[in-house]
Amino acid sequence: MPILDIFESLNQRLFLMLNASVSTSPWKVEFATVSANYAIYIIPAILVVLWLRGNDQTRGGLVVAILVSELALFVNQLIPIWWFHPRPFMVPIGKTFVEHAADSSFPSDHLTFIFGIAFALGYWTRLRGTAFIIVGIGMLVAWARIFLGVHFPFDMIGSALIAAIVLVALIPANETIQRHLTAKVAIPLYQKLFAPGIKRGWCRY
């Protein structure tokens, strides 16, 4: 059996283990739906608080985190051009509880964004505790989207790998990013736009 067929068989077996069924309690489906659709919005809120209350080192890490996540999302858009992987409901397999476009399932944009942020914060700043919290949110979103039938488990693993690869690729450019984008653009722009809040002590200079 070709190696890709072996992986696909394992992918589908894991999916069926995690996917909800028609007998699943409605409250579990509702919890998964909320988690799949809205938990990701906790991440931007965390980033805003970290930026407003953090120091310049923290802000430098946040700039890189955004770059990693956005570049990883760009990579995601290129993958289906060469390799399209159907979603579970397109196979079809399992049970789907939410509507979703019939586009490529691999990798997950939600998880790529979340893991890109988490990995970068864990690497570049001292906010590893926050990074672990974000990974936890990512795991919740991953479970929910598999549970609801719109992603396979390997989609989530692929997201983590892409985020990690992009992070490693940007490491050599970190000094340039901090010297030019963070110090000369992002922080001065923030200080100008939020000057009233900084003056009143609502935000950190």
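The values are calculated or read from the model by the stated rules, or taken from the named source; none is laboratory data. All figures in this text were calculated on a predicted structure; none of them were measured in a lab. Cβ coordinates were reconstructed from backbone atoms using ideal geometry, including for glycine residues, and neighbour counts include every protein chain displayed. Heads up: the accessible areas ignore ligands, DNA and RNA and are worked out on the full protein's heavy atoms, side chains in. Shrake-Rupley method; radii C 1.70, N 1.55, O 1.52, S 1.80 Å.
Mind checking the full-extension length gain between Asp56 and Trp27? Use 0.36 nm per residue of separation minus the Cα-Cα distance, one decimal, nm.
Details: separation 29, 0.36 × 29 = 10.44 nm, distance 4.33 nm.
Extending this stretch completely gives an extra 6.1 nm.
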Hey, can you find the accessible area per residue of the range 98-205 for me, probe 1.4 Å, expressed in square angstrom? 50 Å²
The FRET efficiency for Ile133 and Ile3, from their Cβ-Cβ distance with R0 = 30 Å and rounded to 0.05, is 0.25
If each of Val49 and Trp83 carries a label point 7 Å out from its Cα toward its Cβ, how far apart are those two points in nm? 3.8 nm
Using the Cα centre as the reference, give the magnitude of the dipole from point charges on the C-beta atoms of the range 52-124 (Lys, Arg: +1; Asp, Glu: -1; all else neutral), rounded to the nearest 20 debye. 160 debye
Student exercise, the chain dipole from Lys, Arg, Asp, Glu Cβ charges, in Debye to nearest 20: 1000 debye
Which three numbers, in whole Å and largest first, are the semi-axes of the equivalent ellipsoid of the range 39-138 derived from its Cα gyration tensor as √(5λ)? 31, 15, 10
Would you list, by chain and number, the lysines whose Cα falls below 30 Å from the Cα of Lys95, excluding same-chain residues fewer than 8 positions away? Lys28
Just how far, in whole angstrom, is the range 1-70 from the range 133-189 if you go by their alpha carbon centroids? 10 Å
Among Trp83, Trp124, Ile43, flag the residue with its Cα farthest along the positive direction of the charge dipole of the range 29-138, charges on Cβ as +1 for Lys/Arg and -1 for Asp/Glu. Trp124
Treating the Cα atoms of the range 152-205 as identical point scatterers in vacuum, please give the log10 of the normalised Debye intensity I(q)/I(0) at q = 0.16, 0.19, 0.20, 0.29 Å⁻¹, two decimals. -0.68, -0.73, -0.75, -1.00
Helix 109-124 sits at what angle to the longest principal axis of the chain, using alpha carbons and giving 0 to 90 degrees rounded to 10? 40 degrees
Share of the chain's accessible area from carbon and sulfur, percent, 1.4 Å? 69 percent
Among the lysines, which fall within straight-line cross-link reach of Lys184, defined as a Cα-Cα distance under 23 Å, with same-chain neighbours fewer than 8 residues apart omitted? Lys192, Lys199
Report the residue, chosen from Trp27, Trp143, Trp124, that carries the largest GNM mean-square fluctuation when the chain is represented by alpha-carbon nodes joined by springs under 10 Å. Trp27
So what is the diffusion coefficient of the chain in µm² per second by Stokes-Einstein at 20 °C and 1.002 mPa s, using a Kirkwood Rh over Cα pairs? 116 µm²/s
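Can you compute the charge dipole magnitude of the range 130-205 about its Cα centre, using +1 on each Lys and Arg Cβ and -1 on each Asp and Glu Cβ, nothing else charged? Give it in debye, rounded to the nearest 20.
Charge dipole of the range 130-205: 560 debye, to the nearest 20.
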Under 15 Å, Cβ to Cβ, from Pro153 - net charge with Lys/Arg +1 and Asp/Glu -1: +1
For Phe106, the residues 5 or more places away or on another chain with a placed amide H closer than 5 Å to its own amide H are His85
For a label point 7 Å from the Cα of Arg126 along Cα→C-beta, name the residues of the range 60-86 whose backbone N is under 16 Å from it. 60-62
Any chance you could give the angle, 0 to 90 degrees and rounded to 10, that helix 26-38 forms with the longest Cα principal axis of the chain? 40 degrees
Please report the relative contact order for the chain, taking Cα pairs under 8 Å with a sequence separation of at least 6, and give it as a percent rounded to a whole number. 29 percent
